[in-house]
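Before I ask anything, here is the structure I am working with.
The values are calculated or read from the model by the stated rules, or taken from the named source; none is laboratory data. None of the values given here were measured: they were computed from a predicted structure. All Cβ positions, glycine included, derive from the backbone under ideal geometry; neighbour counts span all protein chains shown. Accessible surface areas use protein heavy atoms only, side chains included; no ligands, DNA or RNA. Shrake-Rupley method; radii C 1.70, N 1.55, O 1.52, S 1.80 Å.
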Amino acid sequence: FVQNKDVPGVIGKVGMLLGEGGVNIAEYLLSRTSDNDSAYSVIKIDGQISDVLYEQLSQVDEILDIKQLHV
């Protein structure tokens, strides 16, 4: 689950980091807030991401919050 600034390029940055980490995206669901300041994503992946990759994603300037859920 990702909260990010609603600006161009975020999906690309997240996709590149996941791809470089060998993580396959099964589904990417994105929704914006009504004031268009931030967006929320549910990114379904095959498996889970490593602590290192989680930290890399957390360091993306546009990402405000990230949580890895196991369901």
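Examine segment 29-41 for a residue that is of a type in the set (S, T, N, Q), in a strand (DSSP E or B) and open to solvent by less than 40 Å² (accessible area, probe 1.4 Å), and state whether such a residue exists.
yes
Let me ask another. Among Ala39, Ala26, which is the only one that is touching a helix residue (DSSP H, G or I) at 6+ places or on another chain (Cβ under 8 Å) and of a type in the set (A, V, I, L, M, F, W, C)?
Answer to the selection: Ala39.
Got a number for residues in segment 21-50 being at pLDDT below 95, more than 20 Å from Val7 (Cβ to Cβ) and of a type in the set (Asp, Glu)?
Here the count works out to 1.
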